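Enquirer: Take a look at this one; I'll ask things after.
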Amino acid sequence: MKKREIKRNIENKFLKLELTNETIDDIYESLPKIIKICNKKYMIDLIYNNEKIDIDYITKNSITDKKLIDIIETVHAINLKDVKEKFNYIYDTVCAKLDERIKTNYCEFKDDICVKYRRKGSNHKNGCCECKGRGKCKYLIDSVCTMKSCMACKLFTCHTLKTMGITQSINDFVLTKYFFTSKQKDILQFSYWTPKEIVMEKLMKTVK
């Protein structure tokens, strides 16, 4: 979709977005433009196969199509006009996606020792949650994270993982890639060992 086409479909501060199986790819590619135009000023009515849908459509219909999910989540985020509410939604949604990745045990923990330290022949436990110079994260108790809300920790991949082709970035997700400024992305990606509420405080201080 071109910018003028998006703007042409706005009426009474609402963008009517017609979504079909044939237009998913086009609308997905247009998400950056839609966010830029609508995020602050306009609401979106999302119509999928002639039915108005909202964020609950994903779980109610067990949707697995990544592009469709990204479109629905993006529209929901745009429609949240309270900035703090928007940031909270995006943070929680992306953390949930990262949690699903973590469940695959890509750090290859065995008896609390990750692949990095097993390769070194070390018995160091707790991986990057406990490191030389910085000590152990205070939220790690009995090798279990009691915080579970730090996006930066969930995003982090060490050098060993990178050599294995395992990398993660704040820009892997539509929500964090296009809704945040560079400064806000740095806060999200590098606030290690930090609870969500403190990260939110940092983010809100950047909002003009």
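The values are calculated or read from the model by the stated rules, or taken from the named source; none is laboratory data. As the structure is a prediction and not an experimental result, all values here were calculated from the model. Using ideal geometry, Cβ is built from the backbone for each residue, glycine included, and neighbour counts are taken over all protein chains shown.
Enquirer: Quickly run through the range 5-16 and pick out the residues that are touching a Phe, Trp or Tyr at 6+ places or on another chain (Cβ under 9 Å) and surrounded by 12 or more Cβ atoms within 10 Å (Cβ to Cβ). First the steps, then the outcome.
Expert: Restricting attention to the range 5-16, the residues satisfying the condition of being touching a Phe, Trp or Tyr at 6+ places or on another chain (Cβ under 9 Å) are 10, 13-15.
The answer is I10, F14, L15.
Enquirer: Just checking, how many residues over the range 160-197 are under 26 Å from C114 (Cβ atoms) and without any contact (Cβ under 8 Å) to a residue 12 or more places away in the chain?
Expert: 6
Enquirer: Could I ask something else about it? In the range 164-175, is there at least one residue being in contact with an Asp or Glu (Cβ under 7 Å, 6 or more places away or on another chain) and β-branched (V, I, T)?
Expert: Step one: filter the range 164-175 for residues in contact with an Asp or Glu (Cβ under 7 Å, 6 or more places away or on another chain), giving 174-175.
From what is left, the residues that are β-branched (V, I, T) are 174.
Scanning the range 164-175 turns up at least one residue that is in contact with an Asp or Glu (Cβ under 7 Å, 6 or more places away or on another chain) and β-branched (V, I, T).
Every residue, every condition in (1) among the charged types (D, E, K, R); (2) over 26 Å from the mean Cα position of the chain (by Cα), yes or no:
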position: K97; (1), (2): yes, no
position: K103; (1), (2): yes, no
position: Y106; (1), (2): no, no
position: I113; (1), (2): no, yes
position: R119; (1), (2): yes, yes
position: L140; (1), (2): no, no
position: S143; (1), (2): no, no
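Enquirer: Can you name the residue in the range 83-116 that is in a loop (DSSP other than H, G, I, E, B) and in contact with a helix residue (DSSP H, G or I) (Cβ under 9 Å, 6 or more places away or on another chain) and is also surrounded by the most Cβ atoms within 10 Å (Cβ to Cβ) among such residues? Give the steps one after another, and end with the answer.
Expert: The first filter runs over the range 83-116 and keeps only residues in a loop (DSSP other than H, G, I, E, B), leaving 103-109, 111-112, 114.
Next, only the ones that are in contact with a helix residue (DSSP H, G or I) (Cβ under 9 Å, 6 or more places away or on another chain) stay: 106-109, 112, 114.
Working: Y106: 15, C107: 18, E108: 17, F109: 16, D112: 16, C114: 23.
Only one residue fits best here, namely C114.
Enquirer: Now for a separate question. Checking I55 against (1) at pLDDT 95 or above; (2) over 16 Å from L175 (Cβ atoms), only one condition comes out false. Which one?
Expert: (2)
Enquirer: From the list D172, D186, D142, exactly one residue is among the acidic types (D, E) and exposed (fewer than 14 other Cβ atoms within 10 Å of the Cβ). Which is it?
Expert: Values: D172 fails: exposed (fewer than 14 other Cβ atoms within 10 Å of the Cβ); D186 fails: exposed (fewer than 14 other Cβ atoms within 10 Å of the Cβ).
Sole residue among the options that is among the acidic types (D, E) and exposed (fewer than 14 other Cβ atoms within 10 Å of the Cβ): D142.
Enquirer: Considering only residues that are in a loop (DSSP other than H, G, I, E, B) and of a type outside the set (A, V, I, L, M, F, W, C), look in the range 161-183 and name the one that is farthest from L80 (Cα to Cα). Break it down stepwise before answering.
Expert: As a first pass, look at the range 161-183 and keep what is in a loop (DSSP other than H, G, I, E, B): 164-169, 173, 180-181.
Narrowing further to those that are of a type outside the set (A, V, I, L, M, F, W, C): 165, 167-169, 181.
Values: G165: 36, T167: 30, Q168: 27, S169: 24, T181: 18 Å.
Top of the filtered list is G165.
Enquirer: Answer yes or no: is there a residue in the range 23-30 that is of a type in the set (S, T, Y), in a loop (DSSP other than H, G, I, E, B) and in contact with a helix residue (DSSP H, G or I) (Cβ under 8 Å, 6 or more places away or on another chain). So that I can check it myself, show each step before the final result.
Expert: Applying the first criterion (of a type in the set (S, T, Y)) to the range 23-30 yields 23, 28, 30.
Keeping just the survivors that are in a loop (DSSP other than H, G, I, E, B) gives 23, 30.
From the residues that got through so far, the ones that are in contact with a helix residue (DSSP H, G or I) (Cβ under 8 Å, 6 or more places away or on another chain) too are 30.
The answer is yes, given that some residue of the range 23-30 is of a type in the set (S, T, Y), in a loop (DSSP other than H, G, I, E, B) and in contact with a helix residue (DSSP H, G or I) (Cβ under 8 Å, 6 or more places away or on another chain).
Matching residues to (1) farther than 26 Å from F180 by Cβ; (2) touching a Phe, Trp or Tyr at 6+ places or on another chain (Cβ under 9 Å); (3) basic (K, R):
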| residue | (1), (2), (3) |
| --- | --- |
| K40 | no, no, yes |
| I63 | no, yes, no |
| D92 | no, no, no |
| V115 | yes, yes, no |
| G133 | yes, no, no |
| Y139 | no, yes, no |
| D142 | yes, no, no |
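Enquirer: So I6 clears everything in (1) under 21 Å from L175 (Cβ atoms); (2) of a type outside the set (G, A, S); (3) in a loop (DSSP other than H, G, I, E, B) except one condition, right? Which one?
Expert: For I6, the exception is condition (3).
Enquirer: When you go through T23, T64, T74, T59 one by one, which is the residue that is surrounded by 13 or more Cβ atoms within 10 Å (Cβ to Cβ), of a type in the set (S, T, Y) and free of Cβ contacts under 8 Å to residues at least 24 places away in the same chain?
Expert: Values: T64 fails: surrounded by 13 or more Cβ atoms within 10 Å (Cβ to Cβ); T74 fails: free of Cβ contacts under 8 Å to residues at least 24 places away in the same chain; T59 fails: surrounded by 13 or more Cβ atoms within 10 Å (Cβ to Cβ).
Only one candidate passes the filter, namely T23.
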